[in-house]
Amino acid sequence: MTDGGGAAARRAEEEEGARMEQEVRRAVEQAKELQDAAAAHVAAASSEEGSIRQRTLALDSSIRRLRASVGAQAGGGLLDPKLAERLEEELQRAGCIVADGDASSFLPAKAQGGFVRMFLGPINVRASRKEVQLKVKEEYNSYRDRTALLFLIFPSALLVLRSWLWNGCFPAFPVQLYQAWLLVLYTGLALRENILSINGSDIRPWWIYHHYGAMIMALVSLTWEIKGQPNCAQKQRGVQLFLQWAIMQGVAMLLQNRYQRQRLYTRIALGKAKRMDVVWGETAGVDGQLWLLCPILFIMQGFEAYVGFLLLRTAMVGVVSEWQVIFCGILLVLMAVGNFAYTVQTLMVKSRFKAKMKSERRSSRS
């Protein structure tokens, strides 16, 4: 009985071992078959992707060539202005279809700059799917909305506390905390804007460079000693004006976010802008909005330059002679001049475009 039971147990063990071996062998074979099928699929997809890429590049080149040809013939009087305008709108709409659809992932990507590589390393931040690109844009818009509110709340709280609690003299820590927040803020904006540009956004290079300068200024200001008494009000006059300018910048950002984004959505619906385009240019609004935005922008730019000159003057007369004061003053003046020049340039472009449209309408009516 004992030998019979042992033999039966050994047979059961052998059968179980054979069954497990067969299942393992079957799993190995299935893994090989799956690998072969996946490799064949990748090869076929790569071949098809190459064909679509060639078609996309050819169509993009054709659209660019046709737009240049229409512009040249219209400028030379060989093409009716009304027809040229209609053809230009259709070509622009075709370009937006290519740039806004899934085919955009097959267009050549912009080279990643050193700023992105410095923070993220040599990875590809170009999204292959359009919905992912749009999520990046929406996150950027949300970040700007939160930024505008904090630009109002943070400096306003510091100015109120200065009058009510700190007897007209800022303590060092709250101001340095605000400057550290500015460093994080502008770094986040610049990083997001670089990624948006790589993914096909039309964001202007000047705004990215402007945020580079703001990052450097925030970093330098962290090392700026904020002295208290005596003569606290005189020594901290630049800090006070800088906080007031930050409040004005927050107001301007809120207006841009509210008015210009509505206009951008309209342009996207008409096929005159891409879905990846963002609100930063001062001329994205309609006339009534520009009458409100432009004075605020010019006042803010003038105030920015004034704060920079004030910092330079305090350094020249010896009130605050640290190198950080001189550096921040020069940087503020340069950024104000750049903002003013860019705003005037874009307004002139818009004015010339509107004048051209009016003249074409008059000529078509006559």
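Read-outs throughout are calculated quantities, based only on the coordinates presented, and are distinct from any laboratory measurement. It should be emphasised that the depicted structure is a prediction, and the values quoted were computed from it without experimental measurement. Ideal geometry is used to build each Cβ from the backbone, glycine not excepted, and the neighbour counts take in all protein chains shown.
Tabulated results
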item: Two-decimal log10 I(q)/I(0) for region 27-78, as the Debye equation yields it once each C-alpha is a single scatterer, q = 0.17, 0.27 Å⁻¹; result: -0.67, -0.92
item: Protection proxy ranking, peptides 178-185, 29-36, average beta carbon neighbours within 10 Å, highest first; result: 178-185, 29-36
item: Pairwise label distance in nanometres, Ser142 with Arg204, each label 7 Å out on the Cα-Cβ vector; result: 2.8 nm
item: Label point distance in nm, Arg93-Ala172, each placed 7 Å from Cα along Cα→Cβ; result: 6.4 nm
item: Additional length obtainable on full extension of the chain from Arg26 to Leu222, 0.36 nm per residue less Cα span; result: 64.0 nm
item: Values of log10 I(q)/I(0), in the order q = 0.17, 0.21, 0.23 Å⁻¹, for region 2-106 under a Debye, Cα-only, solvent-free model; result: -0.89, -1.04, -1.12
